[in-house]
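Below you'll find the structure, written out as structure tokens, and then a few comments.
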Amino acid sequence: MGSLGTAAMARMDEQLPWFRALSAEDRSWVGLVAQAGIAAFVEWFSTAGEEDPPTPSIEFFGTAPRELKRSISLQQTVDIVRVVVEIVEARTHELAALGGEDQLQQAMLRYTRDVAFAAAHVYAREAEARGSWDARLEALIVDALVRGEVDDGLHSWAAALGWTSSPVVVIAGHAPEGDPRAVIDGLREKGRRIGMDLLAGVQADRLIVIVGGAQSVDDAAKQVVGRFGIGPIVIGPEVPDLHAAARSARAALAGLKASSGWPDAPRPVHAEDLLAERALDGDDDAREQLIENVYLPLAGTPLLDTLATYLEQGTSLEATARLLFVHPNTVRYRLKKITELTGYQPTEGRSAFTLQVGLILGRLAESAVTWRALT
């Protein structure tokens, strides 16, 4: 048995490049597994002539540590078995009793068949355990981002799943009917096919998908929108990495909650297009963003009074000009400047609504500051 094991190691070193690339410790473990397999065959073969021989034992796979299974793939395990079989078969005439060559070869065929099945079983069991562990990590990551609890542990979990992509965007919608595990497995498989990192979680009736490595936000949404159930789908803002994804998740979920305020919204819709609805629904992030984007750029300038008057007069250019005692062209010029500063066009319905909400929020915030100063 010792000489067979030594011969098998020499053959593996000669024929298998991946074996030569292993560390000395891993090569030693492979050698012990090969020798244990040969010893198990010898023990089993001693009973092979019985009327009801026992099933070959495959416990020798337990000789190696669990870490070795991560270093050696199933295909490489098959290579090891093949080399060992070749060594034993080449020396059948030396090992078999007189006239027992056929019996030894038949025994080898049965034994290697069972070893092959055993190897597949070992790796399948490891893959299943790994899959369950990955699913738990994925659920933890999604839950942490939804709750905004981002720390070093989040990056450790993501690294364990092989997450390396940036930028990142979070998309939220309603979960489809059926088994949530099937939904998440389908998304994970989709990510592998398109070359993106995808993490997903189903929480109650919500499906939350974290996409990394997309060329654009719209491209990320296009890849996964078909996996959601009926109802609105909201795309959070793009963020540079997974650490900042809590902000994208917060915006996407706030948009999903407030989406009923805009029944005719496109599907999917960007969370920033729902700023007004989110602000009215109590989203502090949306309120701060509207004040910063709408009120503060106009505060202290004639543009603020022009916008307020224009909206109060039902977006009538002439009525605004009369009340402000200016020419209508002056109003047109100021409305254009408002669009340049805020990104919203007062003459367009949705933009005018968002500007109106931002204007009110800014006034309320300014009044609150004044009230606190007085009291």
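The values are calculated or read from the model by the stated rules, or taken from the named source; none is laboratory data. Since this is a predicted model, take the numbers as computed values, not measurements. All Cβ positions, glycine included, derive from the backbone under ideal geometry; neighbour counts span all protein chains shown. With ligands, DNA and RNA removed, areas are computed over all heavy atoms of the protein, side chains included. Shrake-Rupley method; radii C 1.70, N 1.55, O 1.52, S 1.80 Å.
A few notes on this one:
- Under the Karplus curve 6.51 cos²θ - 1.76 cosθ + 1.60, θ = phi - 60°, whole-Hz ³J(HN,Hα) for region 99-105, x wherever Gly or Pro sits: x, x, 4, 5, 4, 5, 5
- Taking a ≥ b ≥ c as the square roots of the eigenvalues of the Cα gyration tensor, an a/c ratio of 1.5 or more together with a/b no larger than b/c marks region 191-259 as oblate.
- Positive dipole terminus of region 228-305, leading residue within A299, L275, G255 (C-beta point charges): G255
- Segment A90-R192, length gained on full extension (0.36 nm per residue, minus Cα span): 32.4 nm
- Here region 282-360 has 52 percent of its accessible surface on carbon and sulfur atoms, given a 1.4 Å probe and all protein chains in place.
- Segment T347-S23, length gained on full extension (0.36 nm per residue, minus Cα span): 109.6 nm
- Solvent-accessible surface of region 226-375, averaged per residue with a 1.4 angstrom probe and all protein chains in place: 53 square angstrom.
- Just the protein heavy atoms count here, and of the accessible area of region 1-40 at 1.4 Å, carbon and sulfur take up 56 percent.
- Projection of the Cα convex hull of region 272-329, averaged over all directions and equal to a quarter of that hull's surface, yields 4.7 nm².
- Heavy-atom accessible area, probed at 1.4 angstrom with all protein chains present, ranks W18, W44 as W18, W44, highest first.
- Zero-based 10 Å bins, Cα pair distances in region 237-307, whole percents: 20, 41, 29, 10, 0
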